[in-house]
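Reading through the structure tokens given below for one structure.
The values are calculated or read from the model by the stated rules, or taken from the named source; none is laboratory data. Everything quoted here is computed from the prediction, not taken from an experiment. With ideal geometry, Cβ positions are generated from the backbone for all residues, glycine too; neighbour counts draw on all protein chains shown.
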Amino acid sequence: MADDYIDIIRNRFLRSARMPSDVRNLKQPVRQKLARQALNHAQPSRPFFWKAFVLSILNLALLLFAIACRTDSDSQTLRPRQLRDVPANRLAFNFQADVQPPTGINSDEAKSLPAIQKDFDTRRKDDALLRTVVSPDGQRALALYAIADEPTTTFRIDLYSADGTFIRNVTPPNLAVVFQDSVVWSGDSTSLAFVGRKSAAAEASPTPLDLEPQPALPSESPTPTPAVLPAFAPLAVFNTEQVYVCDRDGYNLHPLTTRDGLIYFGLSWAPDSHALVALACKESEWDAREKEFKMPAGRPRLLTIDGRERLLDDQLAEAPPVWSPDSSKVATAFNVNIGVYDAANKAPTQARIALREQLLTASATFDERSTGKKKAEDPSNKNSSATVPLGDLPVSFNPVVRLEWPTPDKLYVETAYVSLRSELIKTFSRWHLITLSPQAAVLKR
């Protein structure tokens, strides 16, 4: 009993604030040690902190590097909002045969502005106006005209205002312009492009001395004769047809291509005026098709306004290339197949739309309908009209000769028989519609 009382008194004494100083000094180091241990557990060590910081920086750098290296095709991780965001090789199509021609297509007939025609009729009777090409803004017009003693396949270009006022000569005498359909304005009316080569007059032999006219004496010519031709800046010309561009005022004329030996034709400006597309072939390829009375064919090429050139395909295309309305893609035709190409310079793609089977079936139906003869139904072979034997091609089955792309999702295709014998012969002209859309795999993203 006495021992229990002594323990109670001792425990109460130790818990009281009036404990001896030696007991308090004994408990103080224990408290400091416990505080340091708690602080170490709550705050990580300095080496661990720096390791975590470095790892986070490396992860951020890898993320930024992956975003920077991502290609255009890899960026299609979300459902596209418009067709310009869909690469060419991710397009699907639906074919519809024998439709009405697209509205607003350009006519093949050469037309001239009445005001410019009047100027040629009254003031320039020695020059033959071939046609005029009006700028998209309607302010300027190009007069394409032929002069005497020059080949009928070449012509010159003068610049007029839309009201028929002459502004200036565009082409110098040593440059012969060819291909009337390749004289084109840019969509913003700030530039124009055409195809030209060295003029035959530039290579003419000099006039013999005994045939040169004698200079007139001062007394015989009291009034000085004004110069007929304006002064032109030096211009590089080539033996084969190259692409030339200049501004809307006819200045800064220079060659955009300088590949002597290639023949460029079929020019077309992008709707946003950032580039041109054209066909190009070798002289030997041009001559071979000309001997066979065929339309010219060339490899499609993308030309930027700073002179860069990108070959789109190695196969010869027969239809002049066209741009999509949003300037994101280019299309041309190879016999009965359509080629579609991305205009982007970064990771571009391409696609082929094979139309042989669809055109064979549609041509057989077209011939049957046009001749008024209907095949008798055979119960044992009801689907015989769905396919056509390769050796028995329909008369109306012809290659693609023209493309029109009025809206991003509608590509019109014209098939026809074209021959270039004594004159241009074009028969069995038919229009078809290709409706473009994203592939199902793209829509599921």
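When segment 150-167 is filtered for residues that are under 18 Å from G196 (Cβ atoms) and either assigned to a loop (DSSP other than H, G, I, E, B) or at pLDDT below 95 (or both), the ones remaining, listed by number, are E150, P151, T152, T153, T154. Looking only at segment 390-441, filter to residues that are part of a strand (DSSP E or B) and among the acidic types (D, E); which one of those is surrounded by the most Cβ atoms within 10 Å (Cβ to Cβ)? Among those that are part of a strand (DSSP E or B) and among the acidic types (D, E), it is E414.
So which residues in segment 137-157 are surrounded by fewer than 14 Cβ atoms within 10 Å (Cβ to Cβ) and either within 27 Å of D188 (Cα to Cα) or under 27 Å from the mean Cα position of the chain (by Cα) (or both)? Walk me through how you get there before you give the answer.
Pass one, segment 137-157, residues surrounded by fewer than 14 Cβ atoms within 10 Å (Cβ to Cβ): 137-139, 148-149, 151-153.
Of everything in segment 137-157, those that are surrounded by fewer than 14 Cβ atoms within 10 Å (Cβ to Cβ) and either within 27 Å of D188 (Cα to Cα) or under 27 Å from the mean Cα position of the chain (by Cα) (or both) turn out to be D137, G138, Q139.
For L235, are the conditions met, namely being modelled with pLDDT of 95 or more, of a type outside the set (F, W, Y) and closer than 24 Å to E150 by Cα? Considered against the rule, which asks whether it is modelled with pLDDT of 95 or more, of a type outside the set (F, W, Y) and closer than 24 Å to E150 by Cα, L235 comes out as no.
Residue-wise test of (1) modelled with pLDDT of 90 or more; (2) of a type in the set (A, V, I, L, M, F, W, C); (3) over 30 Å from D306 (Cβ atoms); (4) not in a loop (DSSP other than H, G, I, E, B).
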residue	(1), (2), (3), (4)
G187	yes, no, no, no
A216	no, yes, yes, no
E220	no, no, yes, no
L229	no, yes, yes, no
G250	yes, no, no, no
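Each residue in segment 311-369 was checked for being surrounded by 21 or more Cβ atoms within 10 Å (Cβ to Cβ), within 17 Å of the chain's Cα centre (by Cα) and more than 17 Å from V277 (Cα to Cα), and 0 of them qualify.
Would you confirm, using the coordinates I've provided, whether A162 is surrounded by 15 or more Cβ atoms within 10 Å (Cβ to Cβ) and more than 18 Å from G250 (Cβ to Cβ)? Working first, answer last.
Numbers: surrounded by 15 or more Cβ atoms within 10 Å (Cβ to Cβ): yes; more than 18 Å from G250 (Cβ to Cβ): no.
No.
Within segment 296-311, residues that are of a type in the set (S, T, N, Q) sit with their Cβ atoms under 7 Å from residues that are not in a loop (DSSP other than H, G, I, E, B), at 6+ positions apart or across chains, in these pairs: T304/A275.
Rundown of residues vs (1) modelled with pLDDT of 50 or more; (2) among the basic types (K, R), yes/no style:
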residue	(1), (2)
A344	yes, no
R352	yes, yes
L355	yes, no
L359	yes, no
A362	yes, no
A376	no, no
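Among the residues of segment 309-345, those that are part of a loop (DSSP other than H, G, I, E, B) and within 27 Å of P255 (Cβ to Cβ) comprise L312, D313, D314, Q315, L316, E318, S327, A343, A344, N345.
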